[in-house]
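Structure record follows, encoded as structure tokens.
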Amino acid sequence: MNARNIAVYGGGILFGLGLAWSGMTRPEIVLSFLRLDDLGLIFVMGGAAVVTFFAINVVPKFMKAPALGGAFRPRVSVLTRNTLIGAAIFGTGWGISGQCPGSAVASLGTGNWPIIVGLAFMFLGAYLRGRFIRDGN
Amino acid sequence: MFPLGIEPYLIGGIIIGLGVSIIYILTGLHATQSSFFTTTLSWFSQLPHFQEKRNISERDWRLALCLGLISGAVLYTFTLSPSGMFVTGVDPWRLALGGLLVGFGTRLSNGCTSGHGISGIASLSTTSLYAVITFLGFGIITAHLLEFMGVL
């Protein structure tokens, strides 16, 4: 384990704690958001994005580079057809199951063993994407 | 609109943001989730898509992130959680079919709720904004269709 991976692991503990605290590890809560019965998820994504906004846009004005090396680069990407087609497919799966990648992984830590089925099929979906869709646009 | 109140959502979201921020400030890495599937598959599949240099170089820290997520959820479950362990009542076929589409779609879109929804939006990426609007829209429509068809 190098320092970078330990830092990632430590930050990941907070990430997982927040996912469990906010109930995102429970597909039922995510589904009640998507049925518009409980809009709390907006505060989860919004709260996380606002805090992260400061890390990405303000902290680099005071620090030249990340403490453990590397460089500060915002997460920007080029919009392609696949960005939107993929997001539509993801959204459909999200609406069917109430799972997304991070919440499903963290959910394992709450003792939610049936989520293993969801994770196994996420791996299968990621494999099929690499197997059958050519990279690029 | 908020039958469970907003506190757990807001507190959880801020803690998630702190985790993502600490990782960014220390390492410059964006702690996003769905790439984990692709980079982990690089240990098992020789397909060029999985053997890209970026996947090989990222696969160890992405595994560390995943272990961190699980550890954090364990910590919450056995200390702060009012209800302890949780087992979902959502049907396995829904976890399976939904999971398949989530895995395929997030990797085609190059991002998920964390990649586009947190890191992308926080980076003021318009690409991520369009992705978030798209997956939110399709998620809301799909959940309502299932409810309409009596699948609960």
Test result for B:Val87, of a type in the set (A, V, I, L, M), at pLDDT 95 or above, closer than 20 Å to A:Val105 by Cα and in a loop (DSSP other than H, G, I, E, B): yes
Criterion (under 29 Å from A:Ala7 (Cβ atoms), open to solvent by less than 20 Å² (accessible area, probe 1.4 Å) and part of a loop (DSSP other than H, G, I, E, B)) met by exactly one of B:Gly117, B:Gly68, B:Gly111: B:Gly111
Residues that are more than 7 Å from chain B (Cβ to nearest Cβ) and either touching a Lys or Arg at 6+ places or on another chain (Cβ under 8 Å) or surrounded by 13 or more Cβ atoms within 10 Å (Cβ to Cβ) (or both), drawn from the stretch A:74-92: A:Thr80
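Of all residues in the stretch A:21-40, which are closer than 20 Å to A:Leu108 by Cα and open to solvent by less than 20 Å² (accessible area, probe 1.4 Å)? Spell out the reasoning first.
So the first thing to find is which residues in the stretch A:21-40 are closer than 20 Å to A:Leu108 by Cα, and the list is A:21-31.
Hits for the stretch A:21-40 are A:Ser22, A:Gly23, A:Met24, A:Thr25, A:Pro27, A:Val30, A:Leu31.
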Conditions (1) over 29 Å from A:Phe62 (Cα atoms); (2) facing another protein chain (nearest Cβ under 7 Å); (3) part of a helix (DSSP H, G or I); number of the one not met by B:Met1: (3)
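Have a look at B:Glu58, B:Glu52 and point out the one that is more than 7 Å from chain A (Cβ to nearest Cβ), surrounded by 17 or more Cβ atoms within 10 Å (Cβ to Cβ) and acidic (Asp, Glu).
On the way: B:Glu52 fails: surrounded by 17 or more Cβ atoms within 10 Å (Cβ to Cβ).
Within the list B:Glu58, B:Glu52, the selection yields B:Glu58.
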Of the criteria (1) more than 27 Å from B:Asp60 (Cα to Cα); (2) of a type in the set (A, V, I, L, M); (3) more than 7 Å from chain B (Cβ to nearest Cβ), which one A:Leu31 fails: (3)
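Keeping to the stretch B:91-107, report how many residues are surrounded by fewer than 24 Cβ atoms within 10 Å (Cβ to Cβ) and facing chain A (nearest Cβ under 7 Å).
Step one: filter the stretch B:91-107 for residues surrounded by fewer than 24 Cβ atoms within 10 Å (Cβ to Cβ), giving B:91-94, B:96-97, B:100.
Going one step further and asking which of them are facing chain A (nearest Cβ under 7 Å), we end up with B:92, B:94, B:96-97, B:100.
Final tally of qualifying residues: 5.
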So B:Thr134, is it open to solvent by 10 Å² or more (accessible area, probe 1.4 Å), part of a helix (DSSP H, G or I), in contact with a Leu (Cβ under 6 Å, 6 or more places away or on another chain) and free of Cβ contacts under 8 Å to residues at least 60 places away in the same chain: yes
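Those residues that are open to solvent by 60 Å² or more (accessible area, probe 1.4 Å) and within 7 Å of another protein chain (Cβ to nearest Cβ), I need them from the stretch B:7-41; list them, please. Explain how you work it out, then say what you get.
First, the residues of the stretch B:7-41 that are open to solvent by 60 Å² or more (accessible area, probe 1.4 Å): B:7, B:10-11, B:14, B:18, B:22.
Correct list: B:Leu10, B:Ile11, B:Ile14, B:Leu18, B:Ile22.
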So A:Ala7, is it open to solvent by less than 20 Å² (accessible area, probe 1.4 Å) and within 7 Å of chain B (Cβ to nearest Cβ): yes
Index of the failed condition, B:Ser83 passing every other in (1) small (Gly, Ala, Ser); (2) surrounded by 19 or more Cβ atoms within 10 Å (Cβ to Cβ); (3) more than 7 Å from chain A (Cβ to nearest Cβ): (2)
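The values are calculated or read from the model by the stated rules, or taken from the named source; none is laboratory data. Quick caveat, the model's predicted, so the values are computed rather than measured. Cβ atoms come from the backbone with ideal geometry, glycine included; neighbour counts cover every protein chain shown. Each accessible area value is taken on the protein alone, full model and side chains, heavy atoms only, with ligands, DNA and RNA left out. Shrake-Rupley method; radii C 1.70, N 1.55, O 1.52, S 1.80 Å.
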